[in-house]
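Input: a single structure, listed below in structure tokens.
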Amino acid sequence: MNAVLSYIDEPKLEFGYGQRLKDPRDGLFLFGPLSERRPSQMRVGVVGTLEGLSLYREWLTRVRGFIPAAEPQAAHHLAFPGFEAVFQTPWPNKPIVEIPLSSTEVANSIRKTDRHTAIYQTVSLFTDRIIQQLTEDDIEVDIWFVVIPDEVWRLGRPKSRPSRLESIHDAGVLGARLARKFLREPSLFPEDMVATTAYRYDLNFHHQLKARLIQHKAVVQVVRESSLASEEATEFGYRRIQDPATVAWNLGTTAFFKAGGRPWKLADVRPGVCYVGLVFKLNTLEPLAGNACCGAQMFLDSGDGLVFKGAMGPWYSRDRKEFSLSEEVARDLIKRVVDAYEAIQGSPPRELFIHGRKWFSDAEWRGFRSAVSAETNIVCVRISRSHDLKLFGPGRTPVLRGTAFIASERRAYLWTVGYIPELMTYPGREVPNPLLVDVSRGHADLNVVLRDVMGLTKVNFNACIFADGLPVTLRFAEAVGEILTAAPHTPGPPLPFRHYI
């Protein structure tokens, strides 16, 4: 077929009372969230320093009321009318659980020179108190706000190091080199193996904290103190990236979702369709356990879904520089997804779309096919960022979001970012690049695949934005992959992905 330039209409979302609109904020503002599974109230636990707890209380007081738009004349800025007015769910002033931590203890732990010890011990200050609360008290907490000093965010990342003046020497630690040796060749002395514990985890405070709480089924929202600070507080050292109304929309939406609510869902979704995001991550923490782990995320039209941990194994080929599952593991993983879908929906999916950043091998395709019945149409779609095409309109106006360059019956370039007429702006700073969408295995109408991808860019509940640049199958897959490899791999039942994001 000849190449064709096409346009995919902006998908609509469904809100309260069955109303449909394109913009999440407009829909929530006018009609509120979906009525199903709406929490009766926000049951929130908060952990932080005294300063962090105070900032949380002050922010909640503000977010319970009206917050004006930063730029009222701009279509992409919208006032926040108050949490209960938007989500129709009360958020009490007093947390159901409040746990104070010593700011001195937090600062002293995160500044240690051995970065594995520093991050592990700092994470422990928060996780130990949450786990203790979960173990000793039967109070139900829907979502934990972990309020961290900006110093923890700054030093809690893989390549961050404290300056010479602020660092605290940590004498007597094992050291990363010796720990890696013991992980490859276990020591005869039990105390040596105990000392390797901190080195089994990722050097990322956010990922490690969530990974260590997954087995306790705690839903966590990590937030920096500066994100909660008022505009007046920014004059005294706090940074401000987003205006208060935007922070309220974004943090309010993700908190409502993580507490069990459904802000919105895709409208006009074909019945019986299941989307799966497939993710691989190299395992650098446990050399003897295999060189990669895999996971699958099942997504429904509501944006809800489950995360399935796949087997750890030699799925990465350094020669080909790509990941690939064996037929048996591919079959087992997708069989678990299909069984869970049937348990939720009452029948197996009519269509199963597997999204990934890779080409799908013959062995994987055989495994996928054997995991579903003959009545299920299964399709593998490769989606990756492309820098091959850049389109501009007159006067160098960015291309419209939804523009599609159909290169063949199985390949297209889709601009999921670009100028948005409803917002009268292009909400980006760089030249918009398209996604390269390939129907790798199976058969499907390419236009249907592209409409699905566009729709899946609108159910990222980590923020209340018009649309994301990536479909949720890839966006959440990346987040899930980081959590899966942030701690020693432990099998467990599938959990909703609000535990991971």
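The values are calculated or read from the model by the stated rules, or taken from the named source; none is laboratory data. All values reported here derive from a predicted model rather than from experimental measurement. Glycine gets a Cβ as well: all are built from the backbone with ideal geometry, and neighbour counts include every protein chain shown. Accessible surface areas use protein heavy atoms only, side chains included; no ligands, DNA or RNA. Shrake-Rupley method; radii C 1.70, N 1.55, O 1.52, S 1.80 Å.
In the stretch 57-87, the residue that is farthest from the chain's Cα centre (by Cα) out of those that are more than 24 Å from Q41 (Cα to Cα) and not small (G, A, S) is Q73. Can you spot a residue in the stretch 448-466 that is more than 18 Å from A267 (Cβ to Cβ), open to solvent by 10 Å² or more (accessible area, probe 1.4 Å) and of a type in the set (D, E, K, R)? Checked against the condition, which is being more than 18 Å from A267 (Cβ to Cβ), open to solvent by 10 Å² or more (accessible area, probe 1.4 Å) and of a type in the set (D, E, K, R), the stretch 448-466 yields no hits at all. Scan the stretch 47-61 for residues that are over 15 Å from T104 (Cα atoms) and surrounded by fewer than 17 Cβ atoms within 10 Å (Cβ to Cβ) and jot them down. Residues satisfying the conditions are S54, R57, E58, T61.
Consider the stretch 438-447 and keep the residues that are in contact (Cβ under 8 Å) with a residue 40 or more places away in the chain and of a type outside the set (A, V, I, L, M, F, W, C). The one that is surrounded by the most Cβ atoms within 10 Å (Cβ to Cβ) is S440. Scan the stretch 8-27 and tell me whether some residue there is outside any helix (DSSP H, G or I), among the small types (G, A, S) and in contact (Cβ under 8 Å) with a residue 12 or more places away in the chain. No, every residue in the stretch 8-27 fails to be outside any helix (DSSP H, G or I), among the small types (G, A, S) and in contact (Cβ under 8 Å) with a residue 12 or more places away in the chain. Answer yes or no: is there a residue in the stretch 63-84 that is within 25 Å of Q133 (Cα to Cα), open to solvent by less than 70 Å² (accessible area, probe 1.4 Å) and not aliphatic (A, V, I, L, M). No, the stretch 63-84 contains no residue that is within 25 Å of Q133 (Cα to Cα), open to solvent by less than 70 Å² (accessible area, probe 1.4 Å) and not aliphatic (A, V, I, L, M). Look at the stretch 342-362: where a residue is open to solvent by 90 Å² or more (accessible area, probe 1.4 Å) and a partner is in a helix (DSSP H, G or I), sitting 6+ places away or on another chain with Cβ atoms under 7 Å, you get R357/L474. One residue stands out in the stretch 253-271 among those that are at pLDDT 90 or above and in a loop (DSSP other than H, G, I, E, B): the one that is surrounded by the most Cβ atoms within 10 Å (Cβ to Cβ), namely W264.
If you go through the stretch 455-477 and keep only what is assigned to a helix (DSSP H, G or I) and in contact with a Pro (Cβ under 9 Å, 6 or more places away or on another chain), you end up with G455, L456. Just checking, does the stretch 44-60 include any residue being part of a loop (DSSP other than H, G, I, E, B) and either among the aromatic types (F, W, Y) or in contact with a Leu (Cβ under 9 Å, 6 or more places away or on another chain) (or both)? The answer is no, given that none of the residues of the stretch 44-60 is part of a loop (DSSP other than H, G, I, E, B) and either among the aromatic types (F, W, Y) or in contact with a Leu (Cβ under 9 Å, 6 or more places away or on another chain) (or both). Restricting attention to the stretch 85-107 and to residues that are assigned to a helix (DSSP H, G or I) and among the aliphatic types (A, V, I, L, M), the residue that is most open to solvent (accessible area, probe 1.4 Å) turns out to be A85. Within the stretch 406-437, being open to solvent by 50 Å² or more (accessible area, probe 1.4 Å), of a type in the set (A, V, I, L, M, F, W, C) and under 26 Å from L21 (Cα atoms) holds for one residue alone: M424. For the stretch 478-501, a residue qualifies if it is assigned to a helix (DSSP H, G or I) and farther than 23 Å from R382 by Cβ, and the qualifying residues are I483, R498, H499. Tally up the residues in the stretch 293-345 that are assigned to a helix (DSSP H, G or I), within 24 Å of G455 (Cα to Cα) and not charged (D, E, K, R), please. Adding up the residues that qualify gives 7. Do you know which residues across the stretch 438-470 are closer than 29 Å to F257 by Cα and among the aliphatic types (A, V, I, L, M)? Those that are closer than 29 Å to F257 by Cα and among the aliphatic types (A, V, I, L, M): V448, V449, L450, V453, M454, L456, V459, A463, I465, A467, L470.
The one condition from (1) under 29 Å from W415 (Cα atoms); (2) open to solvent by 40 Å² or more (accessible area, probe 1.4 Å); (3) not in a helix (DSSP H, G or I) that L30 does not meet is (3).
Looking only at the stretch 416-456, residues that are within 12 Å of Y7 (Cβ to Cβ) and in contact with a Lys or Arg (Cβ under 6 Å, 6 or more places away or on another chain) come to 1 in all. Any residue that is surrounded by 15 or more Cβ atoms within 10 Å (Cβ to Cβ), over 26 Å from P488 (Cα atoms) and more than 25 Å from the chain's Cα centre (by Cα) - is there at least one of those in the stretch 313-331? Within the stretch 313-331 (the criterion being surrounded by 15 or more Cβ atoms within 10 Å (Cβ to Cβ), over 26 Å from P488 (Cα atoms) and more than 25 Å from the chain's Cα centre (by Cα)), the answer is no, since none of the residues qualifies.
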